[in-house]
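> Dropping a structure here in structure tokens format, bear with me for questions.
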Amino acid sequence: MAPTDESGQTAQHAPPFATPPLSRSPVQGAAGPSARMPRWLPRAMVLALGLVAVFQLGSWAFHELTGLLLNVLIAFFLALAIEPAVSRMAALGMRRGFATFLVFLALMIATAGFVMLLGSMLAGQIIKMVEGFPEYLDSVINWVNTTFHTELRRVDVQEGLLHSDWLRRYAQNSAAGVLDVSAQVLGGLFQLLTITLFSFYFAADGPRLRRTLCSVLPPARQAEVLRAWEIAVDKTGGYLYSRGLMALISGIAHYVLLQALEVPYAPVLGVWVGLVSQFIPTIGTYLAGALPMLIAFTVDPWYAVWVLVFVVIYQQFENYVLQPKLTAKTVDIHPAVAFGSVVAGTALLGAVGALIAIPAVATLQAFLGAYVKRYAVTDDPRVHGHRRRVPRGACPGFRLCLCLRRGADGAVGTDRVGACSA
């Protein structure tokens, strides 16, 4: 008979080496083939990939359009600069587009006349230098022979220069760089045309542009936008006024020096130094001083040294004395803020940032100043830079002196006294 257990059921004997069946835990069951991926995970992955793609596309587009954005920024500030003249002519009954055209025509005529006059002067001086080069070379050779007791001749020097490897390499590099220079010139002309077109549209359609911006804003924001626009026009005009005043002072100072040295074309060179040093940032000072030095060298080499010394000294005077005072009065910002804004603008946008940094910071400062609540300043000597002298042993008026006392019941209290006993 088969053995039975207490419940009367037949007992089944397991094989002696059989492994008992393992029970499946809930965790293992969830990870089995029957488990499913969360529904939100595919959508989250697609969304993350989409965001990465949009970021990469935006970065690429911004990098490719940086030049265009800088041109638009320059054109906007140029339009702000000519806005008062265009508005004044439009108020007299002239069409705004025609008024803008007249302003640009006057600027183009003045620029073209100055460039032609300067180019003719420079070409004449170059021809004069080429014709007088043998005389300069003879004077240098005579000085070297007299000073160092040598026997150099002009023919030997000329043959050495013509057959030198340095001159051959320089000619090859110059020939190879002609195409690069031509491409840069064409690129500069295209950039100038782009800036001119955008600035013309900004100035001619200024009211329409303001209406377009205000149409997407509530009435309260519209007033703020119009006030910011007006502040930007005033500050940009003040900045150009200060630059024009510094250009006038610089031109007169250099004209006096060049006229005293009897350097030819002193008036034109004075105008050149004034305009280039003020309206071409970063490298304008060096470009402005190079041409007078070159012309002065044709008269006397020592005159070029005197011009260089004067340019360096005047530049320091302008940077640390003249420019901070004029900028603080016309643009109404602190000289340290003006200097810091130029440095920051140069670091961010290069020469363009240096040119527009001061009017941009002045506009931002004036706009934010309308929302800063100011209070009356207390009449304290320290506000005016004076320190209050306190007699030795006496308490200052602004500090409360409390001395400890012990009452009859043993409690500790404080008494306000006029002087410290400690």
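> Could you rank Glu151, Glu131 by how accessible they are, 1.4 Å probe, largest area first?
Glu151, Glu131
> May I ask you to give the solvent-accessible area per residue for region 89-147, in square angstrom, as obtained with a 1.4 angstrom probe?
Values: 4010 Å² over 59 residues.
With all protein chains present, region 89-147 gives 68 Å² per residue.
> If you don't mind, there's one more thing I want to ask. Between Phe148 and Ser120, how many nm apart are label points set 7 Å from Cα along the C-beta direction?
Between Phe148 and Ser120, the simple spin-label model gives 4.3 nm.
> State the percentage of accessible surface on region 57-150 attributable to carbon and sulfur atoms; use a 1.4 Å probe and exclude ligands, DNA and RNA.
Carbon and sulfur atoms account for 77 percent of the accessible area of region 57-150.
> Can you tell me what the convex hull of the Cα atoms of region 249-361 projects to on average, as an area in nm²?
Hull-based average projected area comes out at 6.7 nm².
> Given the Cα atoms of region 57-210, and with Rh set as the inverse mean 1/r over their pairs in the Kirkwood sense, what is Rg to Rh to two decimals?
1.24
> At 1.4 Å probe radius, can you tell me the per residue accessible area of region 203-310 in Å²? Intermediate results must be reported in sequence, preceding the final value.
On the way: 5620 Å² over 108 residues.
Per residue, region 203-310 has 52 Å² of solvent-accessible surface.
> Using a 1.4 Å probe on the protein heavy atoms, what percent of the accessible area of region 208-300 belongs to carbon and sulfur?
69
> Compactness ratio of region 202-315: Cα Rg over 2.2 N^0.38 Å, N = residue count?
Ratio of Cα Rg to 2.2 N^0.38 Å: 1.61.
The values are calculated or read from the model by the stated rules, or taken from the named source; none is laboratory data. Treat the numbers as computed from the prediction; the structure is a model and nothing was measured. Glycine gets a Cβ as well: all are built from the backbone with ideal geometry, and neighbour counts include every protein chain shown. Just the protein is used for accessible areas: all its heavy atoms, side chains included, with ligands, DNA and RNA removed. Shrake-Rupley method; radii C 1.70, N 1.55, O 1.52, S 1.80 Å.
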